[in-house]
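Below is one structure, written out as structure tokens; the observations come after it.
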Amino acid sequence: MKNAVGREIPEELLNSGLRNGKGYEVYQGKGYRDGKYIKKQGPTTKIYQKPSESKILPSIREAVIKSGLKDGMTVSFHHHFRDGDYIVNMVMKEIVDLGIKDITIAASSLGSAHDPIADYIEQGIVTGIQTSGIRGRMGDVVSHGKLKTPAILRSHGGRVRAVEEGDVHIDVAFIGAPTCDEYGNARALGGKSDCGVLSYAVPDSEYADKVVVITDTLVPYPNFPASIHGINVDYVVKVDEIGNPKKIASAAARMTQNPRDLMMAENVAKIMTSTPWFKDGFSFQTGAGGPSLAVNRFLEPLMVERGIKMAWAIGGITGPICELQRKGLVGKIIDVQDFDVAAIEDIRTNPNHYEMTASEYANPANKGAFVNKLDFVVLAALEVDIDFNVNVITGSDGVLRGAPGGHPDTAEGAKCCIIVTPLTRGRMATICEKVVTVTTPGDCVDVVVTDYGLSVNPKRQDIIECLDKAGIKHVPIKELQEKAYSMVGKPDDLQWKDKVVAILEARDGTILDVVREIKPYEM
Amino acid sequence: MELKAVGTAGTLESSDVMITIEPTKSGGIDLSLESSVINQYGRQIKAQVLDSLKRLGVENAKVIVNDHGALDCTIKARVECAYYRGCQCDVDGTYPWGGVIR
């Protein structure tokens, strides 16, 4: 069945029971579920009425046993430790050593730190993956059809919705935390491996049947203000190291010096200033990629010139936005993840830098997340096609190696979504006829800025008028695609087998696209 | 002009291609191709290499192509350079500038 972005979704997938037994719908377009109702599916949790002094267990193994984890169950993890994470591998090793099998991993994201999971997939021990990001060897084995069930890939907001709605039921959540007290109150600050916030782990703590916090720094009770509350936690385990601090937070997100990136960033800033939303009190999110991050630098003089301030910034936070705030140009920073040491340092000391939950950030099914009030978002892309669909998950070889993250959430929520990407990367045409996989639907994407010109989605006549009035030149996106192909040649279509290896869920839980098993290349 | 030795041109940098041409007596062109963009451009890279060899009049050779996303113009230039180095033009300075190299 064809969905609203023109992708053929196999009928048999719709009633395959992959959505925790419920049927799937195909993507119907932006805002499809607005005004409808959901019934939240609460967890079954144990009563702790009798007073006790501590929830500390001696080992992860003990916690796995006590949690009652059995064959066929689902475990969850968060990705605040990014490439420095030790938790996933440590926990999965104990689960495998205990002989438990048919496990589904439902993580907020997974990365190249989790290569060992690829082995468990190949051995048939891990049979389900639900995540935002999938990379490295895991992406490779899944793309080659080794995972028993299709991986389910969701945006950050879509994941919270899925957890709340019971599309995925978490049996045991394992939450790594920089600090924790003996009763499970956990924070992201004050330990050896601080990650700033624990936003993505909050829904897990509230919706999993059993919750285990794993820390390397025990602190006195009560560890407040807590990100993960002890009232939701069954067990606490202390280990030597939860992660590698150097890989958890990069030293500093380096500001690009690449003139091409800077030119694109400057053009993004100019586009923003030409719209009616660039006024005192505007809101903003930008990604951590080179050109997106550089937009901060060009916004500053334009804000000063007009005498306006940003009311709030959200998202994955980096040093440059904190710096802008120190200069008095940003009211509040509302933080769902920290990408560098500067951002972590800032939330430690700055009273106007707040932690929010993943639901507050981007959940489409709550009563209004931050993204719904966002004016501008500036995002990157691996590919954008002539229908403005964006791909951030599959590479040019069709292998899974990315993450939708907050991309689809902010793109749908923001009044003006700007994608910034070079026209070509090596021989890859970034602006193409048809993206390999749709991860953000074109009806949510408003402007695409490249180093060879920019294009506005024809659905956004209001933005076109703004640019025309400001004298900013733009072209139909088809022209950008043709320019790209004239430089690198028209790419051949990728060759696929029939088997669906991953489902791309739209943030509302409908199917946006599927990824099939890649066929080895034959000349 | 005749292939006398192994000729190599190019690097393994991204957006470049390394071409190695080894003379053989018979058997036509034995091409082995590796590329970071093979799924989308393998066919075109092969065609470009074979086309360049044909234009240079190479009938028998073992050709190794290690591509990291080079554009067609780069592939063409690297094939030409590898061939003329194989013909030892760099030794005697007999590159046929103008006309043949284009």
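The helices (runs of 4 or more DSSP H) found entirely in region A:307-371 that carry 3 or more residues being within 17 Å of the chain's Cα centre (by Cα) and crowded, with 24+ Cβ neighbours inside 10 Å are A:358-362.
Taken over region A:453-499, the criterion of being part of a loop (DSSP other than H, G, I, E, B), in contact with a Ser or Thr (Cβ under 9 Å, 6 or more places away or on another chain) and either in contact (Cβ under 8 Å) with a residue 60 or more places away in the chain or within 14 Å of another protein chain (Cβ to nearest Cβ) (or both) is satisfied by A:472, A:491, A:494. Inside region A:187-244, can you point out the residues that are under 17 Å from residue A:358 (Cα atoms) and in a strand (DSSP E or B)? Selection gives A:187, A:228. Take residue B:79 and tell me if it is buried (at least 20 other Cβ atoms within 10 Å of the Cβ), under 25 Å from residue A:396 (Cβ atoms), away from chain A (no Cβ under 14 Å) and touching a Ser or Thr at 6+ places or on another chain (Cβ under 8 Å). The answer is yes for residue B:79. Looking at A:260, A:297, just one residue is touching an Asp or Glu at 6+ places or on another chain (Cβ under 8 Å) and closer than 17 Å to residue A:378 by Cβ, and that residue is A:260.
Just to be sure before I move on: is residue A:433 touching a Cys at 6+ places or on another chain (Cβ under 8 Å) and either touching a residue at least 24 places away in the same chain (Cβ under 8 Å) or within 14 Å of chain B (Cβ to nearest Cβ) (or both) in the structure I sent?
Judged against the criteria, residue A:433 is not a match.
Here residue A:250 fulfils each of the conditions (1) polar (S, T, N, Q); (2) surrounded by 23 or more Cβ atoms within 10 Å (Cβ to Cβ); (3) within 29 Å of residue A:177 (Cα to Cα) apart from (2). Candidates A:410, A:424: the one that is of a type in the set (Ser, Thr, Tyr), within 14 Å of chain B (Cβ to nearest Cβ) and touching a residue at least 24 places away in the same chain (Cβ under 8 Å) is A:424.
If we scan region A:150-161, do we find a residue that is touching a Pro at 6+ places or on another chain (Cβ under 8 Å), assigned to a strand (DSSP E or B), within 23 Å of residue A:16 (Cβ to Cβ) and modelled with pLDDT of 95 or more? Within region A:150-161 (the criterion being touching a Pro at 6+ places or on another chain (Cβ under 8 Å), assigned to a strand (DSSP E or B), within 23 Å of residue A:16 (Cβ to Cβ) and modelled with pLDDT of 95 or more), the answer is yes, since at least one residue qualifies.
Might you check whether a residue that is in a helix (DSSP H, G or I) and modelled with pLDDT of 95 or more occurs anywhere in region A:384-407?
Checking region A:384-407: at least one residue is in a helix (DSSP H, G or I) and modelled with pLDDT of 95 or more.
The values are calculated or read from the model by the stated rules, or taken from the named source; none is laboratory data. Because the structure is a prediction, the values reported are computed rather than measured. Virtual Cβ from ideal backbone geometry, glycine too; neighbours counted across all protein chains shown.
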